[in-house]
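Report on one structure; see the data block that follows.
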Amino acid sequence: MNNIIRFYRLLLPFETLKIATKFTFSEVLEKLDEIVEPPKIFRLTLFKRPAKPYEGIISGNTFKISRIATVRHPFLPVIQGENHPQEPGSSLKISMNLHKIAIVILIYWLWATGSIGMIALCAWFVDRSVGAIFLPILGMFILGWLLCLIPFKIEAKASTKFLLTLFPEELTD
């Protein structure tokens, strides 16, 4: 069952991460404050690098951040996390998702190309003289899905690596 879940998670733009770190609750918040700046509506990062690599909001024991990219990138993961104190140190529960607007556009694209492609496939099964018009349409479905999934997974992996470097995991015996 875990293999099936792991396989489907590879196909979706979604990641989760749990980090048990030696840092205390307040130290984790301080480290997050060092790397996160408040969000801006308009940001010019084309010619200068930002002071901090992430932007977002830290509130109480939760945070919502995303990496500051030099170019607008619709598939950057939105990182939401919770910081929970535990003995000795704290535990971070992190989830990475697409931005809501990107999800809406992706759902619309996949719905439109998938439904038109399935209708064309059914028409092809009924009357072969129609031609295999469903192939390019279903190809657009797969292309749209891959154009979302691959950049998201690359960015999520980079953010995971950065967070694991920032908050090294405890070794448990």
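The values are calculated or read from the model by the stated rules, or taken from the named source; none is laboratory data. This is a predicted model, so every value here is computed, not measured. Ideal geometry is used to build each Cβ from the backbone, glycine not excepted, and the neighbour counts take in all protein chains shown.
Residue 89: touching a helix residue (DSSP H, G or I) at 6+ places or on another chain (Cβ under 9 Å) and touching a residue at least 40 places away in the same chain (Cβ under 8 Å), yes or no?
Values: touching a helix residue (DSSP H, G or I) at 6+ places or on another chain (Cβ under 9 Å): yes; touching a residue at least 40 places away in the same chain (Cβ under 8 Å): yes.
Spelling it out, residue 89 is indeed touching a helix residue (DSSP H, G or I) at 6+ places or on another chain (Cβ under 9 Å) and touching a residue at least 40 places away in the same chain (Cβ under 8 Å).
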Next on the checklist: Against the condition assigned to a strand (DSSP E or B), surrounded by 14 or more Cβ atoms within 10 Å (Cβ to Cβ) and without any contact (Cβ under 8 Å) to a residue 40 or more places away in the chain, how does residue 116 come out, does it pass?
Outcome noted: no
Within region 86-122, the residues that are more than 23 Å from residue 147 (Cβ to Cβ), of a type outside the set (A, V, I, L, M) and modelled with pLDDT of 90 or more are 90, 91, 93, 122
Just a yes or no: is a residue in region 97-113 of a type in the set (A, V, I, L, M) and within 25 Å of residue 33 (Cα to Cα)? yes
Every listed condition ((1) over 24 Å from residue 169 (Cβ atoms); (2) under 16 Å from the mean Cα position of the chain (by Cα); (3) at pLDDT 90 or above; (4) not hydroxyl-bearing (Ser, Thr, Tyr)) holds for residue 72 save (3)
Pairs returned, first residue in region 9-37 that is in contact (Cβ under 8 Å) with a residue 24 or more places away in the chain, second residue that is in a helix (DSSP H, G or I) and of a type in the set (Val, Ile, Thr), beta-carbon separation under 6 angstrom, 6 or more apart or interchain, are 17/160
Note: among 167, 152, 141, 162, just one is touching a Ser or Thr at 6+ places or on another chain (Cβ under 7 Å), in contact (Cβ under 8 Å) with a residue 40 or more places away in the chain and not small (Gly, Ala, Ser), namely 167
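Identify, please: which residue in region 1-55 is polar (S, T, N, Q) and at pLDDT 85 or above and is, among those, nearest to residue 145 (Cα to Cα)?
It comes out as 16.
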Of the candidates 129, 159, the one satisfying the condition of being of a type in the set (Gly, Ala, Ser), assigned to a helix (DSSP H, G or I) and surrounded by fewer than 18 Cβ atoms within 10 Å (Cβ to Cβ) is 129
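Filter region 93-102 down to residues that are surrounded by 14 or more Cβ atoms within 10 Å (Cβ to Cβ) and either assigned to a helix (DSSP H, G or I) or among the polar types (S, T, N, Q) (or both), then give me how many there are.
3
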Residue hits (region 134-150; surrounded by 14 or more Cβ atoms within 10 Å (Cβ to Cβ) and either in contact with a helix residue (DSSP H, G or I) (Cβ under 7 Å, 6 or more places away or on another chain) or of a type in the set (Gly, Ala, Ser) (or both)) are 134, 137, 138, 140, 141, 144, 145, 148
